[in-house]
Amino acid sequence: MAEALRYQADVAVVGGGLAGLVAACEAAARGKRVLLLDQEGEQNLGGQAFWSLGGLFMVDTPEQRRMRIRDSEALALGDWLGSAGFDGPQDHWPRKVAEAYVAFAAGGMRDWLAGIGMRWFPVVGWAERGGAQAHGHGNSVPRFHVTWGTGPGVLAPFERMAREHAAAGRLRFAFRHRVTAITRAGGRIAGLAGEVLEPTSVVRGQKSSRAAVGEFEVEAGAVIVTSGGIGGNFDRVRAAWPVERLGPPPVRMVAGVPAHVDGDMIEVAAGAGAGLINTGRMWHYCEGIRNWDPIWPAHGIRILPGPSSLWFDALGRRMEAPYLPGFDTLGTLRRILSTGHAHSWFVLTQGIIKKEFALSGSEQNPDLSSGRWAEVLKARLGAGGKAPAPIEAFKEKGADFAVAATLEELVAGMNRIGATMGDPPLDAGQLRLQIEARDAQLANPFAKDVQINAIREARQYLGDKLIRTAKPHAILDPAQGPLIGVRLSVLTRKTLGGIHTDLDGAVLDDGGARIEGLFAAGECAGFGGGGYHGYNALEGTFLGGCLFSGRAAGRAAG
């Protein structure tokens, strides 16, 4: 093997995702010599954020006010703390970071991002509605701001600035550099060491080779770790799974992130003395479906549902409130796993799917990713009786979709899907009793069915009435057909705990003391502090956390 490559930098950033790009740009803007390393090729610059819908949690914005939403920092912080459930001394810094982020989201965040070119879809989304008590989990009002251009639109200004810094000699990229050690000298962090991997031409997101062709060493005044979480490594997910809170981990899952989101760098940081906290806190979705056109191993896509689909557990029992579509992710996950199975089912109509279904990800929303109103109107309003094209493609080609004219035919199709997965069969008669009882509640403007009342309440919000919530109708009404059944799997996604940091992103050791010269940001640091979400996320807070924590670390390092 050739002699090791050697680099010198004021600041070395490990990970070329959103948090890494933000941190690198902030450090370079202060005149620091920055080295940005990533184990993947240049085609993966931007990391997981590229695949996202581009949603940001922001508070009291012009977009909200135009939609007649009254929001405030105090209301948002109350929602955050009620959701987080911070419960011990390890949550001192996570709570501090959460408070600072909410203040930022209600203050300078939008102006900063608008100043570098971001714009947002005018209809603000209402994610994680909670559905239980006012002091508990959930967003009291819509706060999910979808960026025009989706994930690539969030990345674009930071990638542009990073390349400008590179052209000016302030920043250097080192792709296919896999860090295996953080080095120390004289009681502080001294740099990095690792392997140079062979070049790769795989497309963005595909699994790349780990064959090493050389070694490297970096001498740096400061190191910022921004390497992401563990969602692409099922073994690590299962090892960290909080059995006492959620039940046993699923035997079978689908992956919402590429294979390179493996958690290796978190272990490297721990080897350099970094404290790890809240490692059993994680955020996985219940509405995962197998991608009919996969990019990475076990590639899954999340359905972003409106509130009208009927949700049944693996045994064919309709899920009770607050375990309704879009209300309480982790509560619903716990409820699903309580059956002894890790899957569940949606039953809905064409009338619901065309109005309410969205798929998470930039590639599944070409209209929003285009940033052009004409494309949005064509896709969302000009499809006649059909859903947007990506959703119709899943309905036609997806392995988890059954479509039929009658309920008995639908359940037969659902059971054919389940038989290939070893699922218990569903009973059509049992489903019919539950669906007919639900449909009968529509005969009056009053109802005891919590989901019907939630649908009616959702349509009081103009944004939901326009594009996210179908007019209430009977599931078994042939005029709304065909009927659709969707098998849902657990979809791995976010690590809510990780490397312990303070408000500056400085890494803390097991005793809570700063490790001089070492910083962390983004998902590997629980999006700030070692877990600023606590136990529950409010959505839009993952990209938001990468922006906020990457900015803080880039300003403090070196």
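Criterion applied to ALA156, ALA220, ALA114 was being modelled with pLDDT of 95 or more, among the small types (Gly, Ala, Ser) and touching a strand residue (DSSP E or B) at 6+ places or on another chain (Cβ under 7 Å), and the one residue passing it is ALA220. Within the group PHE57, PHE86, which residue is more than 28 Å from ALA114 (Cα to Cα), open to solvent by less than 50 Å² (accessible area, probe 1.4 Å) and of a type in the set (Phe, Trp, Tyr)? Within the list PHE57, PHE86, the selection yields PHE86. Within the set ALA520, ALA513, the sole residue that is within 19 Å of ILE224 (Cβ to Cβ) and without any contact (Cβ under 8 Å) to a residue 40 or more places away in the chain turns out to be ALA513.
Residues are listed down the side, and each one gets a yes or a no for (1) within 26 Å of LEU466 (Cα to Cα); (2) small (Gly, Ala, Ser); (3) exposed (fewer than 15 other Cβ atoms within 10 Å of the Cβ):
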| position | (1), (2), (3) |
| --- | --- |
| LEU348 | yes, no, no |
| GLY361 | yes, yes, no |
| GLN364 | yes, no, no |
| GLY371 | yes, yes, no |
| VAL376 | yes, no, no |
| LYS386 | yes, no, yes |
| PHE394 | yes, no, no |
| MET414 | no, no, no |
| GLY418 | no, yes, no |
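Within the range 279-304, can you find the residues that are surrounded by fewer than 24 Cβ atoms within 10 Å (Cβ to Cβ) and either in contact with a Pro (Cβ under 7 Å, 6 or more places away or on another chain) or farther than 27 Å from GLY247 by Cβ (or both)? Passing the criteria: GLY280, TRP292, ASP293, PRO294, ILE295, TRP296.
When restricted to residues that are under 17 Å from GLY221 (Cα atoms) and either at pLDDT 95 or above or assigned to a loop (DSSP other than H, G, I, E, B) (or both), the range 185-206 contains 7.
For the range 442-460, residues that are farther than 21 Å from GLU356 by Cα and either over 35 Å from the mean Cα position of the chain (by Cα) or among the small types (Gly, Ala, Ser) (or both) total 5. Do you know which residues across the range 110-148 are surrounded by 23 or more Cβ atoms within 10 Å (Cβ to Cβ) and closer than 21 Å to GLY20 by Cα? Scanning the range 110-148 gives a single hit, THR147. Scanning the range 457-487 for residues that are charged (D, E, K, R), assigned to a helix (DSSP H, G or I) and open to solvent by 30 Å² or more (accessible area, probe 1.4 Å) turns up GLU457, LYS465.
Can you find even one residue in the range 2-17 that is out of contact with any Leu (no Cβ under 7 Å at 6 or more places or on another chain) and free of Cβ contacts under 8 Å to residues at least 40 places away in the same chain? So far as the range 2-17 goes, yes, one or more of its residues are out of contact with any Leu (no Cβ under 7 Å at 6 or more places or on another chain) and free of Cβ contacts under 8 Å to residues at least 40 places away in the same chain.
GLY528 meets the stated requirement of being part of a loop (DSSP other than H, G, I, E, B), surrounded by 24 or more Cβ atoms within 10 Å (Cβ to Cβ) and in contact (Cβ under 8 Å) with a residue 24 or more places away in the chain.
For the residues GLN48, GLN43, the requirement of being open to solvent by 20 Å² or more (accessible area, probe 1.4 Å), polar (S, T, N, Q) and within 26 Å of ARG555 (Cβ to Cβ) singles out GLN48.
Applying the selection to the range 449-466, what residues are touching a residue at least 24 places away in the same chain (Cβ under 8 Å) and touching a helix residue (DSSP H, G or I) at 6+ places or on another chain (Cβ under 6 Å)? ALA458, ASP464, listed by residue number.
Counting only helices (runs of 4 or more DSSP H) that sit completely within the range 231-276, those holding 2 or more residues that are basic (Lys, Arg) and either open to solvent by 20 Å² or more (accessible area, probe 1.4 Å) or modelled with pLDDT of 95 or more (or both) correspond to 234-240. Within the range 1-49, the residues that satisfy the criterion of being touching a helix residue (DSSP H, G or I) at 6+ places or on another chain (Cβ under 8 Å), part of a strand (DSSP E or B) and closer than 21 Å to GLU219 by Cα are ASP10, VAL11, VAL13, VAL14, VAL34, LEU36, ASP38. Looking across the range 225-276 at every residue that is among the β-branched types (Val, Ile, Thr) and more than 20 Å from the chain's Cα centre (by Cα), the one that is nearest to TRP93 (Cα to Cα) is identified as VAL268. Taken together, GLY429, GLY498 contain a single residue that is out of contact with any Phe, Trp or Tyr (no Cβ under 6 Å at 6 or more places or on another chain) and surrounded by 23 or more Cβ atoms within 10 Å (Cβ to Cβ), which is GLY498.
Of all residues in the range 301-315, those that are part of a strand (DSSP E or B) have Cβ atoms under 8 Å from Cβ atoms of residues that are at pLDDT 95 or above and hydroxyl-bearing (Ser, Thr, Tyr), 6 or more apart or on another chain, in ARG302/TYR285; TRP311/TYR323; TRP311/THR332; TRP311/SER344; PHE312/SER344; ASP313/THR339; ASP313/SER344. Residue pairs whose Cβ atoms lie under 9 Å apart, sitting 6 or more positions apart in sequence or on different chains, and linking a residue in the range 75-94 that is among the charged types (D, E, K, R) and assigned to a loop (DSSP other than H, G, I, E, B) to a partner that is open to solvent by 30 Å² or more (accessible area, probe 1.4 Å) and at pLDDT 95 or above, are ASP87/TYR535. The residue that is farthest from PRO62 (Cα to Cα), among those in the range 110-126 that are out of contact with any Ser or Thr (no Cβ under 9 Å at 6 or more places or on another chain) and in contact (Cβ under 8 Å) with a residue 60 or more places away in the chain, is TRP126. Within the range 152-171, the residues that satisfy the criterion of being crowded, with 16+ Cβ neighbours inside 10 Å and outside any helix (DSSP H, G or I) are ARG170, LEU171. LEU426 falls short on exactly one of the conditions (1) in contact with a Gly (Cβ under 9 Å, 6 or more places away or on another chain); (2) not in a loop (DSSP other than H, G, I, E, B), and that condition is (2).
Just one residue in the set ALA440, ALA399, ALA454 is surrounded by fewer than 16 Cβ atoms within 10 Å (Cβ to Cβ) and assigned to a helix (DSSP H, G or I); that residue is ALA440.
The values are calculated or read from the model by the stated rules, or taken from the named source; none is laboratory data. Everything numeric here is computed off the predicted structure, so don't read it as measured data. Don't worry about glycine lacking a Cβ; one is built from the backbone with ideal geometry, like all the others, and counts go over all protein chains shown. Quick note on the areas: whole protein, heavy atoms, side chains included, nothing else; ligands and nucleic acids left out. Shrake-Rupley method; radii C 1.70, N 1.55, O 1.52, S 1.80 Å.
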